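A short write-up of the structure that comes next.
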Amino acid sequence: MSKTPVISSGEQTIPVVVQTRTDLSPDECFNAIVPIDLSLVFTPWGPFPGVKEVHNQTGDWDSVGQSRNPQLTDGSAAFEQLTEYTAPHSFAYEITQFTGSLRFAVKAVRGEWTFTPDGDGTLIRWCYEFQPLPGRQLLIRRGIAPLWRRYMQRGIEGSKRVAEKLQGHQ
């Protein structure tokens, strides 16, 4: 399925990147994290809500074009669509149609997770690119992004723990 990305190459985005390492193989990480129950790892922190549940998921989250609606703990929601799926290396998605407070600052988000061999394990990297609404770049760069980085680090560490538990480690 071919799809025009919401965020194109000529648009300015504000990236936030976090990473962690595990003894699991890239394949083990990918297979555990891609279909993960979002409510297990994205819990409320600071000004950001957690994921309560997911509605309207099309498919097993293993094919470009599949979509879902994360429902957040503050009652808001968004639309998420899988835009890349390259097992066991990476997957990417776009989030739009925010109904919470992010709708006042963000047009769209592109998220990408990569799983790179790292010695006997894997380097897991998560990049989140905010596409700000006009005039909101400074708000995102100086206000939201630094806090979001901490939220993301909690999420990636939680994802790693769930993957390790599923694979019988720790």
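Quick notes on this one:
- Cα-projected label distance for residue 73 with residue 162, points at 7 Å along beta-carbon direction, nm: 1.4 nm
- Chain lengthening between residue 56 and residue 86 when straightened (0.36 nm per residue, less Cα-Cα): 8.5 nm
- Cα long-axis angle, helix 145-166 against the chain (0 to 90 degrees, to the nearest 10): 30 degrees
- Point-to-point label distance, residue 145-residue 99, nm (Cα→Cβ direction, 7 Å offset): 3.0 nm
- Efficiency of FRET from Cβ geometry, residue 12 and residue 123, R₀ 30 Å, rounded to 0.05: 0.65
- Radius 14 Å from Cβ of residue 162, net charge of other residues (Lys, Arg +1; Asp, Glu -1): 0
- Placing a label point 7 Å from the Cα of residue 19 along the Cα-to-Cβ direction, the residues of segment 100-122 with a backbone N closer than 20 Å are 110-122.
- Dipole of the chain [Lys/Arg +1, Asp/Glu -1 at C-beta], most positive-end residue of 63, 140, 38: 140
Every number in this text was worked out from the coordinates using simple rules, so none of it is lab data. Since this is a predicted model, take the numbers as computed values, not measurements. Using ideal geometry, Cβ is built from the backbone for each residue, glycine included, and neighbour counts are taken over all protein chains shown.
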